[in-house]
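K.L.:
Below: one structure in structure tokens.
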Amino acid sequence: MKLKLNGNTVVHHTSFDRIALNKACHKHDLPRFDVEWLRFLKNCAQSVPQFSKSEYGLKNVANHFGYTFKHHDALARAYYTET
């Protein structure tokens, strides 16, 4: 995974994703990934005017763009974040 991630931009949903990965690396005595973190929700709020103040959770954003959102589905979250 390190070979695929290092030097790239990683999009994360909230800071939880970034923190969890860093804690896992620390727990297993592994170096942190050398990546640029891009927070999806912050970027969305800055890019789509209707999400600039509130209500820009991943479910609302997915629905706005015509996707059916499934909570706790990592593959779906990755797809909606990438799209």
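K.L.:
Can you tell me which residue within the range 1-43, out of those that are hydroxyl-bearing (S, T, Y) and surrounded by 12 or more Cβ atoms within 10 Å (Cβ to Cβ), is modelled with the lowest pLDDT? Spell out the reasoning first.
P.N.:
We begin by selecting, within the range 1-43, every residue hydroxyl-bearing (S, T, Y); these are 9, 14-15.
Cutting the leftovers down to surrounded by 12 or more Cβ atoms within 10 Å (Cβ to Cβ) gives us 14-15.
On the way: T14: 74, S15: 81.
Within the range 1-43, the match that is modelled with the lowest pLDDT is T14.
K.L.:
While we're looking at this one, here's another question. Mind listing whichever residues of the range 1-31 are under 17 Å from the mean Cα position of the chain (by Cα) and of a type in the set (K, R)?
P.N.:
Matches in the range 1-31: K4, R18, K23.
The values are calculated or read from the model by the stated rules, or taken from the named source; none is laboratory data. No experiment lies behind these values; they were computed from the predicted model shown. Every residue, glycine among them, receives a Cβ derived from its backbone with ideal geometry; neighbour counts consider all protein chains shown.
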